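Below is one structure, written out as structure tokens; the observations come after it.
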Amino acid sequence: MSAEMNATIPAMALAAQQAAAAQPRAPSPAYAAWLRRQRRERTWVLASRLLLLVLFFGLWELLAKTKMVNPMLTSYPSALWPTFLDLAQNGHLALHTWATFKATAVGFVASMVLGVAVAAGLWWSGFAYKVLDPFLVVANAMPKIAFVPIFYIWLGSDYSVYGMAVAIAVFVTIMVAYEGFQSIDPNKIKLAKTLGASRAQILRLVVLPGSVPTLIAALKMNIGLSLVGVIVGEFQSASEGLGFLIVNGSQVFKLNIVMTAIVVLALMSALMYLAIARLEAVMSRRYG
């Protein structure tokens with residue numbers, strides 16, 4: 001009996017220790033104070049952003065209503081809401097917004113896939129990078145609006161918008177992704193080679209995962225550049241989209257329509273940026 005009790009007591013003590021370790025510990029006072037400061041700072045940042053928006057729209061409304069600026073040229077916020085409702089009710093807002101969003105999404109995905117693939121090829125072959133580097137720099141520096149008539153002739157009015165989105169974003173993606181690939185710690189690559197990894201395995205298991213922060217930065221740039229390319233293309237040749245709505249409204253001097261389309265573009269940009277920020281948070285937890 002005594003032997004059984006002697007064997008049971010250490011087991012019970014070990015179980016108690018494990019149960020105590022499994023229970024969440026209360027944060028220290030210093031850590032709790034730091035968490036409160038972080039929450040307070042986030043609250044102030046959000047409140048400051050909202051205050052800036054209120055001040056911007058309030059000043060815009062005031063200047064237009066007091067005729068300090070010509071409301072025929074600038075419109076004003078209280079006039080945009082009826083225009084927004086009218087465009088929403090007749091279906092034009094959904095039609096043009098969807099056209100712009102679809103073209104932006106297609107251009108964004110195409111430029112990312114093509115840009116990362118070309119960057120991987122340049123990383124794979126140093127000779128190819130030495131040959132193509134000056135051409136990529138020149139292509140990236142060229143004003144892309146010069147391609148609009150070419151894409152219109154090659155692709156037609158329906159698809160030239162996609163061409164513009166890719167043309168504006170893809171060269172930046174190639175250069176940013178390539179620099180990210182080159183910045184991988186050489187010791188990691190040497191270790192992978194020592195363990196017998198092939199070049200394809202090094203690219204897939206070392207280079208690409210290690211370049212996630214760079215690729216996220218490329219995503220953030222690309223989403224804006226693709227939208228710029230789409231709007232430029234819609235200015236020139238499209239028959240639908242927010243860019244077309246802006247041009248059409250300006251031609252008939254309906255600044256309410258122009259400003260409403262610009263506000264919708266701003267909201268679209270903000271939502272796409274929030275989606276990329278959410279993706280960044282997920283990827284940082286996985287690869288950080």
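Coordinate-derived values only; no laboratory data. Since this is a predicted model, take the numbers as computed values, not measurements. No Cβ is skipped: glycine too gets one built from the backbone with ideal geometry, and neighbour counts run over all protein chains shown.
Segment 228-274 and segment 139-155 have Cα centres spaced 20 Å apart. Against the set (i) 1.17; (ii) 1.09; (iii) 1.00, the structure's computed Rg/Rh (Cα atoms, Kirkwood Rh) falls on (i).
Using the eigenvalues of the Cα gyration tensor, what equivalent ellipsoid semi-axes result for segment 72-192 when each is taken as the square root of five times the eigenvalue, whole Å, largest first? Don't skip to the answer; put the middle values down first.
Working: eigenvalues 320, 66, 37 Å².
Working through the eigenvalues yields semi-axes of 40, 18, 14 Å.
Using C-alpha pairs under 8 Å with a sequence gap of at least 6, the mean separation divided by the residue count of the chain gives a relative contact order of 22 percent.
For segment 229-288, chymotrypsin sites (Phe, Trp or Tyr not before Pro) are listed when DSSP marks them as loop and at most 11 other Cβ atoms sit within 10 Å of their Cβ; the list is Phe253. A simple rule links phi to the HN-Hα coupling: the Karplus curve 6.51 cos²θ - 1.76 cosθ + 1.60 with θ = phi - 60°, which for segment 111-127 gives 5, 5, 5, 5, x, 5, 5, 5, 4, 5, x, 5, 5, 5, 10, x, 5 Hz, with x for Gly and Pro. Helix 2-22 axis versus longest C-alpha principal axis of the chain: approximately 20°, rounded to the nearest ten.
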